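The values are calculated or read from the model by the stated rules, or taken from the named source; none is laboratory data. Because the structure is a prediction, the values reported are computed rather than measured. In this analysis, Cβ positions are derived from the backbone assuming ideal geometry, glycine residues included, and neighbour counts consider all displayed protein chains.
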Amino acid sequence: MDAAFIKQCADPALKPAIVEQFVSAVGSGEPLAVTVRSGGRLILVPKPKTPEEAMGIVRQYVGQAVVRVGVTQFPAGVGVKDTSEITSDLVEPCENLRKGSTMFAKILRIVTKWYGNPKSAEVFPQIFDDAVYAWKTGQFEGQAVFQAQDPGGVIANHSDEVKAPEAQPADDAPVKSEAEPSDASDIEAAGIRIDLSRIGGQK
């Protein structure tokens with residue numbers, strides 16, 4: 001994601017690297033992307049080609065299903081009482097990133113507060129993961145995060161980027177046969193799978 005775009009449009013409470021990882025974790029590369037889920041199932045909808053088509057799908061399903069829109073897959077209908085209040089700026093990339101990053105910053109503050117506002121930066125990756133999960137589900141510890149009140153405060157101690165999940169221990173790796181080469185290029189190093197040495201040696 002372009003750094004200038006993030007700087008111009010994203011909530012300044014979040015560092016650019018965090019915004020980029022947030023969008024990577026939950027968003028879509030398509031500004032007009034509309035995702036509709038009902039009862040946990042994905043509803044197939046036509047791929048919109050124009051903002052008008054995207055908004056038509058949003059208005060058709062919002063209130064009856066979970067509708068996510070745009071680069072951040074922002075939950076359409078949050079904070080509005082009537083579908084007429086949902087405007088096409090929801091599919092405008094800059095506005096979508098602004099709304100999405102501002103909402104995600106609020107969720108991060110909610111999760112951080114639940115953790116007791118830890119001072120250690122090492123805890124932030126877990127807070128980030130929980131916030132991403134809350135974004136996807138709309139819930140955190142029984143609280144509807146999109147409608148929840150912002151606890152306020154600064155998102156402190158978050159590093160420039162979230163650490164990647166630790167690699168799985170070797171015990172979880174697929175077990176290779178001792179006779180199996182570790183790489184296709186090592187085919188000559190493969191052990192003998194069947195002992196053929198005695199074939200033809202006796203009649």
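Quick notes
- Test: residue in region 99-110 that is under 23 Å from Gln21 (Cα atoms), in contact with a Cys (Cβ under 9 Å, 6 or more places away or on another chain) and touching a residue at least 24 places away in the same chain (Cβ under 8 Å): yes
- When region 108-134 is limited to residues that are among the aromatic types (Phe, Trp, Tyr) and under 17 Å from Ala13 (Cα atoms), the one that is modelled with the highest pLDDT turns out to be Phe128.
- Subset of region 80-98 (residues that are assigned to a loop (DSSP other than H, G, I, E, B) and either free of Cβ contacts under 8 Å to residues at least 60 places away in the same chain or under 19 Å from the mean Cα position of the chain (by Cα) (or both)): Val80, Lys81, Asp82, Ile86, Thr87
- For region 76-105, the candidate set comprises residues that are surrounded by fewer than 21 Cβ atoms within 10 Å (Cβ to Cβ) and basic (Lys, Arg); within that set, the residue that is nearest to Ala10 (Cα to Cα) is Arg98.
- Of residues in region 130-152 being in a helix (DSSP H, G or I) and in contact (Cβ under 8 Å) with a residue 24 or more places away in the chain, the one surrounded by the most Cβ atoms within 10 Å (Cβ to Cβ): Ala131
- Residue match in region 173-191 (condition: charged (D, E, K, R), surrounded by 10 or more Cβ atoms within 10 Å (Cβ to Cβ), part of a helix (DSSP H, G or I) and at pLDDT 50 or above): no
- Restricting region 51-75 to residues that are modelled with pLDDT under 95 and in a loop (DSSP other than H, G, I, E, B), the residue that is surrounded by the most Cβ atoms within 10 Å (Cβ to Cβ) is Gly63.
- Taking region 16-39 as the range and being among the polar types (S, T, N, Q) and outside any helix (DSSP H, G or I) as the test, the residues that pass are Ser28, Thr35, Ser38.
- Breaking point among (1) surrounded by 13 or more Cβ atoms within 10 Å (Cβ to Cβ); (2) not in a helix (DSSP H, G or I), for Leu42: (1)
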